[in-house]
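Let me begin by presenting the structure, written as C-alpha cells, before commenting on it.
The values are calculated or read from the model by the stated rules, or taken from the named source; none is laboratory data. Predicted, not measured: the structure shown is a model, and the values here were computed from it. Backbone-built Cβ (ideal geometry, glycine too); neighbour counts: all protein chains shown. Heads up: the accessible areas ignore ligands, DNA and RNA and are worked out on the full protein's heavy atoms, side chains in. Shrake-Rupley method; radii C 1.70, N 1.55, O 1.52, S 1.80 Å.
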Amino acid sequence: MNEKVVLTGNQAIARGFYEAGGLIASSYPGSPTVGIIENMNNYKEIYSEFSTNEKVALEVAMGASFGGVRSLCSMKHVGVNICADPLMTFTQSTINGGFVLISGDDPGMHSSQNEQDNRVFGKFANMAILDPSDSQESKDFTKIGLELSENYSMPFMLRITSRLCHNRSVVNLEERKDIDIKAFEKDAYKYCMLPPYTEKAQYFMKERLQKLEDYAYNTDLNKLEEKEETDTIVITSGLVYQHLKEIDLDASIYKLGMVYPISIKKVKELSKKYKNIIILEEMMPFIENELKINGIDCKGKEYFSFTGEIQIEDVEKGLEKAGLIKERKLNEKQRLKVPSRSPQFCSGCPHRPIYDILKKAKVNVIGDIGCYSMGVLPPFEVHNINMSMGSSIGIVKGMRKAWDLAGNKKPLVAMIGDGTFFHSGVTGFINLMHKLDKNANMTIIILDNKTTAMTGGQPNASSDKEMDVSIEELLQTIGFERIKVLNQYSYKKAKSVIDEEIKHEGLSIIVATGPCALQYRMRHPHFYVDPDICISCRSCIRTNCPPLLMKKYDGHEKLKSFIDPDMCVGCSICAQVCPVNAIKRSKPDDDLKNK
Amino acid sequence: MDGKNILIAGVGGQGLVIATKIISEAALEAGYDVKTNDVIGLSQRGGKVYGSVKIDSKVYSPNIPHGECDILLAMEPMEGYRYSHMLKDNGMAIVNTYRIPSTSIQQEVEEYPEGMLADLKQKYNVSEIDVIKVGKELGNTKVGNTVLIGIMAKKLDIKKETWEKVIQKNVPEKFIDHNIKAFNIGYSYK
Ligand code: SF4
Ligand code: SF4
C-alpha cells in the first residue's frame with residue numbers, strides 16, 4: 001500500500017492510531033481536537049467515545065491500557081486541567097498497552113478561554129512530549145508514541161496546536177498492524193498507588209525519563225539540518241519550524257520532534273560548535289528554560305512573542321531583531337477598515353429568545369462555556385461573568401453568599417447548557433443544596449438543546465439518540481423542588497416564567513428546551529415583514545437573528561425591517577416579539593425555488 | 001505551474017472547510033505538494049473566517065504571509081475586502097456579491113461598506129458573481145462555493161476532469177449533479 005492523501009492533523013492522528021493497532025479511544029469534545037474521535041468512527045476495529053468529561057475519558061483510556069490494549073485519549077488544553085488528578089498518578093504508575101494523551105493547545109485562543117502551554121503540564125506530570133509539525137508527523141508521532149510508550153512503560157503526550165489540528169497536508173497511508181492484547185498481571189507495585197508502593201514508583205518514573213533522554217540523543221524524531229560556515233543554530237519544534245523553512249536563513253536548524261525530555265548531552269555538543277543558539281517556539285519559553293536550567297546559553301523570547309500564534313512574518317521580524325537578517329522581505333500591508341464581524345447565534349437558535357428575555361430583565365447573569373457564551377457579546381451583553389466548564393453553578397452560589405452577607409439582595413441568574421451540565425455542572429448542583437438558604441435568590445437556567453452544540457453537535461447524556469437522561473428527574477432526585485420546564489420557542493410564556501422565577505425569593509431552576517438549529521436543521525416556511533404595518537420599533541432586530549435587517553423600502557420614508565428569505569429558518573421568534581404583527585409566515589408552498 | 005497561494009474568506013458556516021478540502025485534493029491529484037489551513041472554533045458561528053491553500057512542488061508553512069496571495073476567493077464581499085491586503089499587487093479576487101450583514105451592521109452601529117468592489121477593481125483583477133442567484137437557478141443555494149471554485153479552476157494548471165472527480169468524492173451523493181453544474185457555470189464564466 002502506498003497511497004497519498006491530504007488529511008487534517010486530527011484525521012492523521014486517528015489514522016495513526018488505526019495503523020498502530022489502537023483499539024480504544026476516548027475524549028471530551030473541545031476545539032481543536034474534536035475531529036480525532038469523529039474520524040475514529042471510520043475504523044470499525046476501534047471503539048471510541050465522547051465521555052462525560054475529560055477526567056472520565058482519561059479513566060476509560062487508562063482502563064483500556066491496563067487491560068492490555070493500545071489506547072488514546074484526546075482533549076483540548078483546558079481539558080487536561082480536568083483530568084489532572086488521575087493523570088498525575090497514572091504517570092507515576094505504569095502502562096500496560098501503549099497510551100498517548102493528545103493535548104490540543106490553542107495559541108492565539110481561537111476558541112478557548114485561555115492560552116495554556118501544556119508542554120509545562122507534560123513535564124509536570126513526568127510525561128514524554130512529542131510535538132509534530134504537519135499531518136504526516138501527526139500520524140507518525142502517534143504511532144511512535146504508542147510504541148515508545150510500551151518500550152519505556154510510560155504514558156506519552158502528543159502536544160498539537162489548533163493550526164495543526166485543522167491544517168491539511170499530504171500523508172502517506174500504511175497498513176494497520178494488529179497488536180496482541182497484553183495479559184494483565186497483578187502487581188501492586190505497578191498499579192496500586194499507595195505507600196509503600198508509591199515510593200518505588202517515584203524512582204521508576206525518574207529512571208524512565210533518564211533512559212528516554214539517552215534515547216533522545218540520536219533519535220530520528222529530532223532532526224539536525226546543518227549548514228556549512230554558520231555560527232548560528234536555531235532550535236525549534238512544531239509548526240513554527242515550517243514557518244522558519246519559508247525564510248532563507250543562513251543558520252543550522254535542530255528541530256525537536258520530542259520536546260521533553262531533551263537530550264542535554266546533544267545540545268551541549270551543539271553549543272560547542274555554534275556561537276549563537278536561538279530558540280524559536282510558540283507560547284512559553286519551554287525549550288529555552290530547559291536549556292537554561294542546564295547551563296546552556298541561548299536566546300528566544302526576547303525576539304519572539306510569549307503569546308499568540310507566531311506567523312511567518314513574526315519569525316522574520318524576530319530573526320531581524322536577533323541580527324540574523326539584514327533586510328526583511330515580507331512587509332506587512334496596511335489593513336483596510338472594514339466593519340467588525342463577531343460570532344452570533346444561528347438563525348432559529350433556541351438560545352436567542354432566552355437572551356432577549358434576559359436582556360430585557362436587566363439582571364446580573366453568570367454564564368458558562370458553550371454556544372451560549374456568545375451571550376457575552378453585543379448586542380446581548382447579558383453575561384457579566386464567564387469562566388470555565390461548569391463553573392457558573394459554583395460561582396452563583398459563592399456570589400450569592402457574598403452579596404447576602406453584604407446585604408445586597410439583587411437577583412442572580414446562572415446559565416448552563418446540557419453538555420456542560422453533565423460535564424461538571426452536576427457536582428455544583430449537589431453542592432448548591434449544601435447549607436442552602438431558603439431565601440437566597442438564585443435562578444438557574446439550563447439550556448437543553450440535546451447536544452454538545454459548540455463543537456458541532458457531539459452526543460452527550462442529554463441526547464435523545466444516546467442516553468436520554470432527564471435533567472429534570474436527575475435534579476429532583478438530588479432534592480430540588482422548584483423546577484420549571486419551558487419551550488424556548490413559546491416566547492411569551494417563556495418570558496413570563498423567567499420574569500416570575502427571577503422575582504422568586506429562593507432558588508429556582510428553569511430547564512429551557514429547544515433543539516439546536518444546526519443539529520436538527522429545521523426549515524419551516526420563512527417569515528416576511530409587511531412594511532405597511534411595521535412601525536420601525538426594531539424589537540425584532542434586537543433579537544439579533546441573522547436574516548433581519550432594517551432597510552429602505554420604496555414609498556416608505558423610514559427604514560423598515562426586512563427578513564432575508566434565504567437565511568430564515570422559520571422559528572417565528574421575530575414574529576412573536578413584533579408588537580404590531582407586521583411579521584408573517586409565508587405560504588407553505590412559497591418555497592425556496594420560487595423566491 | 002508556479003506555486004499558487006489561495007486565500008478563502010467568508011462567514012462562519014459558509015462551507016469554507018469543504019472548499020479548502022476540494023482544492024487541496026485536486027492539487028494532490030495533479031501531483032503537487034499542498035497544505036491548507038482554516039480558522040475554526042467560535043468563529044464558526046457567523047464570525048469572520050479565512051483559510052488558505054498553498055500549492056507548490058514543496059510547501060512548508062500552510063500560512064500565507066501578507067501580500068503573498070495569488071488568488072482570493074471571497075465568499076462574502078465585505079470579508080473579501082477585509083483580507084484583500086493579503087493579495088499580491090497583480091493578484092486576483094473572485095467575489096460572491098451576496099451580502100451577509102454582521103451584527104454591528106444589523107444593529108446599525110456600523111454601515112455596510114459601499115464601493116468596495118470598485119476599490120478592489122482598481123488594485124486587482126476582479127471577477128464578481130452572485131452565487132446565491134446561480135444556486136437558486138440550479139435549485140440549490142448551497143452550491144455557491146463550487147461556482148467560485150469553478151472560476152478559479154480555470155486559472156490553475158489542474159485538469160477539469162480532476163476537479164470534477166474530487167467534487168464528486170466530496171459532496172453528498174444527491175447533490176453531485178447540482179455541484180458539477182455549478183462548477184461548470186463557474187468554469188465557463190466570462
Ligand atoms: S422566523 Fe424570524 S427569528 Fe426565526 S429564523 Fe426567521 S428571521 Fe429568524
Ligand atoms: S418588531 Fe415589527 S414593527 Fe418592530 S421593527 Fe420589527 S417588524 Fe417592524
### Task
Filter the range A:551-573 down to residues that are outside any loop (DSSP other than H, G, I, E, B) and open to solvent by less than 20 Å² (accessible area, probe 1.4 Å) and give me whichever is nearest to B:GLN107 (Cα to Cα).
A:SER561
### Task
Consider B:ALA93 carefully, then state whether it is within 11 Å of chain A (Cβ to nearest Cβ) and in contact (Cβ under 8 Å) with a residue 12 or more places away in the chain.
no
### Message
I want to confirm something. Restricting to the range A:488-530 and keeping residues that are away from chain B (no Cβ under 14 Å), within 15 Å of ligand 1 (Cβ to nearest atom) and open to solvent by 60 Å² or more (accessible area, probe 1.4 Å), which single residue is farthest from A:ASP464 (Cα to Cα)?
### Response
A:TYR528
### Query
Which one of these does A:ILE357 not meet: (1) away from chain B (no Cβ under 14 Å); (2) surrounded by 22 or more Cβ atoms within 10 Å (Cβ to Cβ); (3) away from ligand 2 (no atom under 16 Å from the Cβ)?
(3)
### Query
Mind checking whether some residue in the range A:526-535 is within 35 Å of the chain's Cα centre (by Cα) and of a type in the set (A, V, I, L, M)?
no
### Task
Scan the range A:579-595 for residues that are open to solvent by less than 20 Å² (accessible area, probe 1.4 Å) and either more than 15 Å from ligand 2 (Cβ to nearest atom) or at pLDDT 95 or above (or both) and jot them down.
A:ALA582, A:ILE583
## Note on the structure
Checked against (1) open to solvent by less than 10 Å² (accessible area, probe 1.4 Å); (2) within 20 Å of A:ILE502 (Cα to Cα), A:PHE421 satisfies every condition except (2)
### Query
Does A:TYR215 satisfy being open to solvent by 20 Å² or more (accessible area, probe 1.4 Å), of a type in the set (Phe, Trp, Tyr) and not in a loop (DSSP other than H, G, I, E, B)?
yes
### Task
Hand me the list of strands (runs of 3 or more DSSP E) wholly inside the range A:243-315 holding 2 or more residues that are within 21 Å of B:TYR60 (Cβ to Cβ) and of a type in the set (Ser, Thr, Tyr).
A:252-255
### Message
Regarding the range A:534-548, can at least one residue be identified that is of a type in the set (Gly, Ala, Ser) and more than 10 Å from ligand 1 (Cβ to nearest atom)?
### Response
yes
### Query
Among the numbered criteria (1) open to solvent by 60 Å² or more (accessible area, probe 1.4 Å); (2) within 34 Å of the chain's Cα centre (by Cα); (3) among the acidic types (Asp, Glu), which single criterion is violated by A:GLU313?
(1)
### Task
Could you run through the range A:288-313 and say how many residues are closer than 17 Å to A:ILE253 by Cβ and free of Cβ contacts under 8 Å to residues at least 40 places away in the same chain?
6
## Note on the structure
Restricted to the range B:100-119 and to residues being more than 10 Å from chain A (Cβ to nearest Cβ) and assigned to a helix (DSSP H, G or I), the residue nearest to A:ARG521 (Cα to Cα) is B:LEU117
### Message
Quick check on my filter: what residues within the range A:341-378 are within 16 Å of ligand 1 (Cβ to nearest atom) and not in a helix (DSSP H, G or I)?
### Response
A:GLN344, A:PHE345, A:CYS346, A:SER347, A:GLY348, A:CYS349, A:PRO350
### Message
When you check A:CYS545 against the structure, is it open to solvent by 10 Å² or more (accessible area, probe 1.4 Å), within 14 Å of chain B (Cβ to nearest Cβ), within 16 Å of ligand 2 (Cβ to nearest atom) and not hydroxyl-bearing (Ser, Thr, Tyr), yes or no?
### Response
yes
### Subset of the range A:364-399 [surrounded by fewer than 18 Cβ atoms within 10 Å (Cβ to Cβ), of a type in the set (A, V, I, L, M, F, W, C) and in contact with a strand residue (DSSP E or B) (Cβ under 6 Å, 6 or more places away or on another chain)]
A:VAL376, A:ILE385
### Query
Is it fair to say B:ASN140 is within 14 Å of chain A (Cβ to nearest Cβ) and touching a residue at least 24 places away in the same chain (Cβ under 8 Å)?
yes
### Message
Looking only at the range A:531-542, filter to residues that are open to solvent by 30 Å² or more (accessible area, probe 1.4 Å) and within 8 Å of ligand 2 (Cβ to nearest atom); which one of those is nearest to the other protein chains (Cβ to nearest Cβ)?
### Response
A:ARG538
#### Entry: Any chance A:ASP297 is within 14 Å of chain B (Cβ to nearest Cβ) and modelled with pLDDT of 95 or more
no
### Task
Working only within the range A:557-573, note down all residues that are near ligand 2 (Cβ under 9 Å from one of its atoms) and more than 12 Å from chain B (Cβ to nearest Cβ).
A:LYS560
## Note on the structure
Among residues of the range A:459-474 being surrounded by fewer than 22 Cβ atoms within 10 Å (Cβ to Cβ) and not acidic (Asp, Glu), the residue farthest from A:PRO32 (Cα to Cα) is A:LEU474
### Query
In the range A:430-450, is there at least one residue being small (Gly, Ala, Ser), open to solvent by 10 Å² or more (accessible area, probe 1.4 Å) and not assigned by TED's automatic domain parsing to the domain that holds A:ARG538?
no
#### Entry: Test for A:GLY308: is it assigned by TED's automatic domain parsing to the domain that holds A:LEU256, surrounded by 13 or more Cβ atoms within 10 Å (Cβ to Cβ), touching a Pro at 6+ places or on another chain (Cβ under 7 Å) and closer than 30 Å to A:PRO378 by Cβ
yes
### Query
Regarding A:SER93, is this residue part of a loop (DSSP other than H, G, I, E, B) and touching a residue at least 60 places away in the same chain (Cβ under 8 Å)?
yes
### Message
Just to be sure before I move on: is A:TYR241 in contact (Cβ under 8 Å) with a residue 24 or more places away in the chain and either away from chain B (no Cβ under 13 Å) or open to solvent by 40 Å² or more (accessible area, probe 1.4 Å) (or both) in the structure I sent?
### Response
no
